[in-house]
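Student: Below is the structure I would like to discuss, written out as structure tokens.
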Amino acid sequence: MIKQIFGKLPRKPSKSSHNDSNGNGGVHGNSSLNSSLGTNSLNNSKPGSASSKSSSSASSNNGPLNSHSSGWNKLNHGKKTSPLATQAGHVLTSGAYEALPSFRDVPNSEKQSLFLRKLGLCYVVFDFSDPSKNLREKDIKRQTLLELVDYVSSVSTKFNEVAMQEITRMVAANLFRTFPSLNHDSKILEMYDAEDEEPAMDPAWPHLQIVYELLLRFVVSPETDAKLAKRYIDHPFVLRLLDLFDSYDQREREYLKTILHRIYGKFMVHRPYIRKAINNIFYRFIFETEKHNGIAELLEILGSIINGFALPLKEEHKLFLVRALIPLHKPKCVSMYHQQLSYCITQFVEKDFKLADTVIRGLLKYWPVTNSSKEVMFLGELEEVLEATQAAEFQRCMVPLFRQIGRCLNSLHLQVAERALFLWNNDHIRNLITQNRTAILPIIFPALERNTHNHWNPAVQSLTLNVRKIFLDADQALFDECLARFQENEAKEKEMQEKRELIWKRLEDVAASKSVSNEAVLVSRSISSMAINSSPTPKATAGR
């Protein structure tokens, strides 16, 4: 009797404790994140229409039907198993997978209960690797998911705790999965070009897309109370969402980008955790794997977050720039996300112009040596940073900066040389250079003179003459002084070259005279030491 009485008492739902502090990083609108999302696009997708060449499967299933994976069981640790989860498991074992009545066919008082039952029906995960399996069941689930999306979009009452728990459980059961591990050989990664490769298509996308749409509408719904929902959209849930950014399907990454952006905006308590988790993804990518599919999307989210940082910038944000964003220039596949990375870097400099020196020195640290296309990207980013740089910060880094620009001016790669010369087309950069010409011109004058006389491309020669004229018009006395010094150095270099050639010729003559016999060639200490000291390494090697 006592057991029956206690059994009728309502159970208090368990709560997850959160000890997060609010971050001051706001969210500004980002046009690329506001993609058009509607049920019309959902209805256009049909099961089994995706390409079978996809490199990622729907989930690691061992049979035609799977109940929710162990991932969301771990995700909801400490929470009691829902009766709907048990019901879904019973549906699997009994083999009875039948459609439930439509929301239109039941009175308003029963819609909440029907909503929970439909969520329970969608716990079942199907195997999409074989398009011919379970066609009827897949269609029932798809129609049920579409009805759930419509219900979440049109509901006019606040979601209670039970509904929130079941929505997050169903989403976790369908989305959280392990991607297949491919053999990422270093040579394959170097040859990989995202523009040339066929985009990977997940065969389970007809269902995954609707689940993502359901989650998005639940997050943005005004009927979702953030204070209550944070118990279920918690740190483990957010972390598993971030893991999904490594998906090979770009459509999935676009949905994830939008959803995570909305979560960051709505759940302020999660902001520091989200930034820290993204940092960890970047660290692993930079220093361990150099392989991740979602770096561009994560940087796009961060671009919006950085835009909302309050001033003065926190030390945490400056460390993020130095430890994560600047080292992202290091990986070989930087071209796949460089546009987004450059935007984030520029945002920091525009927020705090004192960071320009740090950013420019960081670019010089990771400046490519043999990759010309990467060097062109660096020069483009450098121009954007210099455009936001003030005179004081420019003066701190101009000496090492223009040593590198001088090397770029003499590059035999046409685009590198041209891109370096185009810096003078920017009015702000040209003014900075002109104001500091006494320090800059002596550094790059030899490169300008060599380009004028020796560069193989006429366009580069013409651009060099234009830059040369800018300096001549700005300060003719300084220009003449640099020209005289250059000519003097060239004369000395020519004299040293003639001496080297004479010494090597004498050595060759002595060696030739002794080559007939097996007698050892004796070379005086003075001649040999002069040859070693004055001759560059390649010639010494060639003369042996």
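The values are calculated or read from the model by the stated rules, or taken from the named source; none is laboratory data. Bear in mind that the values here come from a model prediction, so they are computed numbers and not experimental data. Here the Cβ positions follow ideal geometry from the backbone for every residue, glycine too, while neighbour counts run over all protein chains shown. In case anyone asks, the SASA skips ligands and DNA or RNA and just uses the protein heavy atoms, side chains included. Shrake-Rupley method; radii C 1.70, N 1.55, O 1.52, S 1.80 Å.
Student: Which aspartates and glutamates have a Cα lying under 18 Å from the Cα of Lys133, excluding residues fewer than 8 positions away in the same chain?
Tutor: Glu98, Asp202
Student: By its C-alpha gyration tensor, with a ≥ b ≥ c as the square roots of the eigenvalues, how is the range 227-379 shaped: rounded for a/c under 1.5, else prolate for a/b larger than b/c, else oblate?
Tutor: Cα axes put the range 227-379 in the oblate bin.
Student: Once the mean 1/r over all distinct Cα pairs of the range 347-424 is inverted, what Kirkwood radius in angstroms do you read off?
Tutor: For the range 347-424, inverting the mean 1/r across all distinct Cα pairs yields 12.6 Å.
Student: To continue, here is another question. By accessible area of protein heavy atoms, probe 1.4 Å, what ranking do Lys354, Lys291 get, highest first?
Tutor: Per-residue accessible area, sorted high to low, gives Lys354, Lys291.
Student: Would you please classify the overall shape of the range 407-468 from the alpha carbon gyration tensor, given that a ≥ b ≥ c denote the square roots of the eigenvalues, rounded means a/c under 1.5, and beyond that prolate means a/b larger than b/c while oblate covers the rest?
Tutor: Note, shape of the range 407-468 comes out prolate.
Student: Mind scanning Lys118/Lys230; Lys266/Lys354; Lys374/Lys492; Lys318/Lys365 and naming the pairs with a C-alpha gap bigger than 27 Å?
Tutor: In this structure, Lys266/Lys354; Lys374/Lys492 exceed 27 Å between Cα atoms.
Student: At 1.4 Å probe size, put Arg500, Arg430 in order of accessible surface, largest to smallest.
Tutor: Largest to smallest exposure gives the sequence Arg430, Arg500.
Student: Would you work out if the range 191-295 is rounded, prolate or oblate? Take a ≥ b ≥ c from the square roots of the eigenvalues of the alpha-carbon gyration tensor; rounded if a/c is under 1.5, else prolate when a/b is larger than b/c, oblate otherwise.
Tutor: Oblate is the answer for the range 191-295, as a/c is 1.5 or above yet b/c matches or exceeds a/b.
Student: Let me ask you something else. Determine how large the accessible area of Arg262 is when every protein chain is in place; take a 1.4 Å probe and give Å² rounded to the nearest 10.
Tutor: Here the residue's solvent-accessible area equals roughly 90 Å².
Student: If we sort 485-494, 311-320, 171-180 on the protection proxy, mean other Cβ atoms within 10 Å, highest first, what's the order?
Tutor: Going from most to least packed, we get 171-180, 311-320, 485-494.
Student: Ordering Thr144, Thr157, Thr434 by accessible area with a probe of 1.4 Å, largest first, what comes out?
Tutor: Listed by decreasing accessible area, they come as Thr157, Thr434, Thr144.
Student: Given labels modelled 7 Å from the Cα in the Cβ direction, how far is it in nm from Glu290 to Lys499?
Tutor: 4.4
Student: While we're here: Any chance you could look up the accessible area of Cys408 with a 1.4 Å probe, heavy atoms only, rounded to 10 Å²?
Tutor: Ignoring ligands and nucleic acids, Cys408 comes out at about 0 Å².
Student: Let me ask something else about it. Sort out for me the Cα centre separation of the range 375-410 from the range 473-506, rounded to whole Å.
Tutor: 27
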